[in-house]
Amino acid sequence: MSKKAVVAPGIYDALGARIVEKLGFEAVYMTGYGTSLSRIGQTDVGLVTETEMVQNAGLIARAVGIPLTADADNGYGNAVNVMRTVRDYETQGVAAIHIEDQVAPKRCGHMKGKLLISEEEMIGKIKAALDAREDDDFIIIARTDARGAVSGSLDLAIKRGLAYAEAGADMIFCEFTAPSETEAERFAKAILTKFPGKPLLFNYSTAFKWNKSPLSFKRLEELGFRLIILPMQVTRTVLSGAWDFLSDLKKKSELAIYEQEARLANHPTEDYQDFAGFPEIVKLEETYLPKEEVYRKYQESEGTIKIKTD
């Protein structure tokens, strides 16, 4: 793997992934919290099923050409269940998944109340995941929640991170709760001293808690982190934006719509039909459908987009 850190913005659907790709990011991440909130309107406490997560990941992966890393929670059961989980995600075109060492039902890594399975059980899950994959390029990321779990600590997280690397995980992920640069450096140094070159993942969702000296992406790269995910930033942007518009609509009625259109004038997403690929659909129709049919469809109908047909 390259020594460069890849930043993967977190999204919860194919639309978000399309935006990430169009803006030139090299990778995208499917957030478990965002998936839970968007699909069932519930917090991230293990209520979304394996089937729902895999289906969502597949829709996202097929919408873009950049690699998708997806949250696979705790693998949805024991080591045997993990084997099916790996196969399901892999067949959907996902590039990588992370599996955590929490008990079932799991919860978001930034919540209180996390409980851990034994180190031995998690090692079994990692080995099962590695054996289940058919493509060696499908990346298995082992995540430990030991830093913020009941009776947890950074030392325990380091111990588990080392054990998971020893078990063969392709990448190691420590879920910090409100990390300092010192903690990030300690964890990275401990893993990389024994396993030089082992890729590390950093969850940047808690970065906003660093009030004085935020840890830069460049510094994380220097420490050895190779994948930086931002799970909730896009979800929170959509959540706040939708709330604000609907609040305006409630107060101002149709005026809110006209104000929104004015704000979107000349924005890169103003022409959402173009963004969504409608012109490409027309080209396909021109290629495969009878020319007379295509001509009539676009010359004798009205709509929000003008398409030229020869």
For segment 83-108 versus segment 10-69, the gap between their alpha-carbon centres in whole angstrom: 13 Å
Segment 6-231: Rg to Rh, with Rh as the Kirkwood radius over Cα pairs: 0.93
Sequence of Tyr298, Tyr29 once ranked by neighbouring C-beta atoms within 10 Å, starting from the fewest: Tyr298, Tyr29
Theoretical gain in end-to-end length, Ala104 to Asp248 [0.36 nm per residue, Cα-Cα removed]: 47.7 nm
Reach of Lys218 by Cα under 24 Å, taken over lysines that are not fewer than 8 positions away in the same chain: Lys3, Lys4, Lys22, Lys189, Lys194, Lys198, Lys209
Amide H partners (placed H, <5 Å) of Asp101, local residues excluded: Arg143, Asp145
Stretch gain in nm, segment Arg62-Glu293, where the contour uses 0.36 nm per residue and the Cα spacing is subtracted: 80.2 nm
Estimated inter-spin distance, Lys4 and Thr43, nm [label 7 Å along Cα→Cβ]: 4.0 nm
Difference of contour (0.36 nm per residue) and Cα-Cα distance, Arg263 to Phe278: 3.1 nm
In order through segment 8-21: 3J(HN,Hα) via Karplus (6.51 cos²θ - 1.76 cosθ + 1.60), integer Hz, x for Gly, Pro: 10, x, x, 9, 10, 7, 5, 4, x, 5, 4, 5, 4, 5
Filtered trypsin sites (Lys or Arg not before Pro), segment 1-93: DSSP coil and at most 16 other beta carbons within 10 Å: Lys3, Lys4
Long-range amide H partners of Ile139 with built H, under 5 Å: Ala96, Ile97
For peptides 153-166, 268-281, 223-236, 129-142, sequence by mean Cβ density within 10 Å, most packed first: 223-236, 153-166, 129-142, 268-281
Karplus-derived HN-Hα couplings along segment 247-252 (A = 6.51, B = -1.76, C = 1.60, θ = phi - 60°), whole Hz, x at Gly and Pro: 5, 5, 4, 5, 7, 10
Neighbourhood charge, 13 Å Cβ-Cβ cut-off, centred on Ile66 and excluding it, Lys, Arg +1 and Asp, Glu -1: +1
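Bear in mind these aren't lab numbers, they're just calculated from the coordinates by the rules spelled out. Just so it is clear, the structure is predicted and the values come from calculations on it, not from any experiment. With ideal geometry, Cβ positions are generated from the backbone for all residues, glycine too; neighbour counts draw on all protein chains shown.
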